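Have a look at the structure below, then the notes.
The values are calculated or read from the model by the stated rules, or taken from the named source; none is laboratory data. Everything quoted here is computed from the prediction, not taken from an experiment. Heads up, the Cβs are rebuilt from the backbone with ideal geometry, glycines too, and the neighbour counts pull from every protein chain shown. The accessibility values were calculated without ligands, DNA or RNA, using every heavy atom of the protein model including side chains. Shrake-Rupley method; radii C 1.70, N 1.55, O 1.52, S 1.80 Å.
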Amino acid sequence: MVELLVATVLFTIIAGTIFSLLFGAQLRYSSESGLTTAFQQANVAIDQITRDVHSAGYPPPSSFAPGVALNNPKLVALPFSWSPGYTNVPPIPCAVNVTCGAVPGPYDLILETDTGDGNGVQWISYSLQGTTLMRGVTQKRAFADPVATSSAAGMLPYLDNVMNGPANRSLPIFTYGFDCITPIPASFPSNICKVNILLIVQSARPDPQTGQFRTITLTGQAALFN
């Protein structure tokens, strides 16, 4: 009887230790799995934004005869849209983060790229709404406001749990470089030569061990090719 009691106690201790280790491993796996998912989604988003910036600006005005860009702007990629002043003939440039509105701005960006099917140019728009980065694609329209047109066409959720916004970290997703040539030109959208991207993404669920949401930070830089 004594030997049975001792064996039972030893088994209980060993089994309890094993289950405790397994439970801790399961919690760590769940935590790392959520963070890995957030990392993968943010990485895909940065890759897509980078590809969009690389393709922006084609076909340029120089691809057409004089006057075509002025009279048929839907055929020409600038490569960055802006507002206000874009709908003027010819478009009136604004200064990024000074006289431009939300676009191009720290949380909003509209690119102009070839549709690839011979039907002109499309607007690819990004906008942070709350904690969701939205993305939309719509045909460029002549003498139309890119912000209003993109908004009316509708945008789809592209990346959730983005914590860059003013209500959270207040860190811009997009910053712009103008220093690719010397002397550095005015900060007009047409002079942007690179886009710096910063994404702070929070895991969808809190950490099982700490109860806190974990975040990852990814950065990227996309140079304009066209």
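Taking only DSSP H segments of four or more residues, each worth -39500 (n - 2.57), what value at 222 nm results for the chain once the sum is divided by all its residues, to the nearest 500 deg cm²/dmol? Present the calculation step by step, with values, prior to reporting the outcome.
Values: 3 runs with 66 residues, N = 226.
After summing the helix terms and dividing by the residues of the chain, the value is -10000 deg cm²/dmol.
For the pair Phe225 and Asp47 in one chain, pulling the backbone fully straight at 0.36 nm per residue adds 62.5 nm over the alpha carbon distance. Comparing Ala144, Ala153, Ala65 in a Gaussian network model of the chain (Cα springs below 10 Å), the most mobile by mean-square fluctuation is Ala65.
For the stretch 157-196, the residues whose backbone nitrogen is under 19 Å from a point 7 Å from the Cα of Gln40, taken along Cα to Cβ, are 158-162. Could you work out how far apart the two model spin labels at His54 and Leu171 are, taking each label as a point 7 Å from the Cα in the direction of the beta carbon, and quote it in nm? With each label point 7 Å from Cα toward Cβ, the separation is 2.5 nm.
On full extension, the segment bounded by Ser63 and Asn97 gains 9.3 nm, given 0.36 nm per residue less the C-alpha separation.
Between helix 2-55 and the chain there is an angle of about 0 degrees, using the helix long axis and the longest principal axis of the Cα atoms.
Of all the options Leu156, Leu111, Leu78, the one that moves most in a Gaussian network model of the chain with Cα springs shorter than 10 angstrom is Leu156. The chymotrypsin sites (Phe, Trp or Tyr not before Pro) of the stretch 110-164 meeting both criteria, a DSSP state outside H, G, I, E and B (loop) and at most 16 other C-beta atoms within 10 angstrom of the site's C-beta, are Phe143. Calculated accessible area for the stretch 41-128 comes out at 42 Å² per residue, all protein chains present (probe 1.4 Å; ligands, DNA, RNA ignored). The simple Förster model, with R0 at 25 Å and r as the Cβ-Cβ distance, assigns Thr217 and Lys194 a FRET efficiency of 0.80. Surface composition of the chain: carbon plus sulfur atoms contribute 60% of the solvent-accessible area (1.4 Å probe, protein chains only, all chains present). By definition, a body whose alpha carbon gyration tensor gives a ≥ b ≥ c is oblate when a/c is 1.5 or more and a/b is not larger than b/c, and the stretch 40-99 fits this oblate description. Solvent-free Debye calculation, one equal scatterer per alpha-carbon of the chain: log10 I(q)/I(0) at 0.09 Å⁻¹ equals -0.47. Once the convex hull of all Cα atoms in the stretch 56-171 is built, its volume per residue stands at 100 Å³.
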